[in-house]
Amino acid sequence: MLEVKSLAAGYGHLQVIYEVSFNLSKGEVVALLGGNGAGKTTTIRSIIGVLHPWNGEVLFSGQPIHHLKTSAIVSLGLSYVPEGKSIFPKMTVLENLELGVNSPEAKTLKSKTLKEVLNLFPRLSEGNKQKQLAGTLSGGEQRMLVIARGLMARPRLLLLDEPSLGLAPKLVRDLFATIGKIHQQGMSIFLVEQNVHLALELASRGYVLEHGHIVLAGKGKELIEMEHIKQAYLGM
């Protein structure tokens, strides 16, 4: 479904990632791991078109997309959930969710998708929560809202950038349980995450990024059992 070939990108004159290559098949969860500054967010931004790659290719279902604008890439069925809260604080929860409806199919199925999304994130439907300003939600609820908005597009591939960033441990576990449910419903997921243990428990495969280079790849459970890998690359 997703194939990244020899991707290079950066900011200004600063190159951040070098010759990054990996793939993701339909129905998989694939994790990209690494410490701060490894190049994880640069990689995901290059896939979705927020950054224009310096070199290399990104293919989605066999179609090159690295030359396309973000809006065109999203229209093909990719949905990007950026790190942080990334909500529109002066709009209601419902208005934020409706912003994710960005294709004819998503518009047709909006009511059905909204029901499905609120079933996944029931805290967003408690009481009059849908009418509440998004900026008044708790930090955990705002992360739920960002992911829920991404699902409103009915994507074929969900790109999650650091979904657990800044959350309390219990909220992190609850969030990953929900991401697991999203995957069980058939969603393909590319996961950029610093919580190595939870990411590799969920992912079928993982790639480790260090100083802009892929230094290791393997099955999720195999990677998490390799003590020297955890110490050398993952800070565990």
For region 181-236: of the residues being modelled with pLDDT of 90 or more and in a loop (DSSP other than H, G, I, E, B), which is surrounded by the most Cβ atoms within 10 Å (Cβ to Cβ)?
A203
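Tell me, please, whether a residue that is within 30 Å of K129 (Cα to Cα), at pLDDT below 95 and surrounded by fewer than 21 Cβ atoms within 10 Å (Cβ to Cβ) can be found in region 61-73.
yes
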Being of a type in the set (V, I, T) and without any contact (Cβ under 8 Å) to a residue 24 or more places away in the chain narrows it down to one residue among V215, V192; which is it?
V215
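Out of all the residues in region 162-180, which are among the β-branched types (V, I, T) and either surrounded by fewer than 22 Cβ atoms within 10 Å (Cβ to Cβ) or in contact with a strand residue (DSSP E or B) (Cβ under 6 Å, 6 or more places away or on another chain) (or both)?
Result: V172, T178.
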When you scan region 84-107, how many residues do you find that are hydroxyl-bearing (S, T, Y) and under 13 Å from L133 (Cβ atoms)?
1
Go through region 23-73 and give me each residue that's part of a loop (DSSP other than H, G, I, E, B), over 30 Å from K221 (Cβ atoms) and of a type outside the set (K, R).
G49, V50, L51, H52, P53, W54, I65, H66, H67, L68
Would you point out the residue of region 88-110, among those that are aliphatic (A, V, I, L, M) and part of a helix (DSSP H, G or I), that is farthest from D174 (Cα to Cα)?
A106
Look at region 111-148 and say how many of its residues are touching a residue at least 24 places away in the same chain (Cβ under 8 Å), of a type in the set (S, T, Y) and assigned to a loop (DSSP other than H, G, I, E, B).
0
Could you please tell me which pairs satisfy a Cβ distance under 8 Å, a separation of 6+ or placement on different chains, a first residue in region 26-45 that is at positive phi, and a second residue that is modelled with pLDDT under 95 and of a type in the set (D, E)?
G34/E210
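The values are calculated or read from the model by the stated rules, or taken from the named source; none is laboratory data. Just so it is clear, the model here is predicted, and its values are computed rather than measured. Using ideal geometry, Cβ is built from the backbone for each residue, glycine included, and neighbour counts are taken over all protein chains shown.
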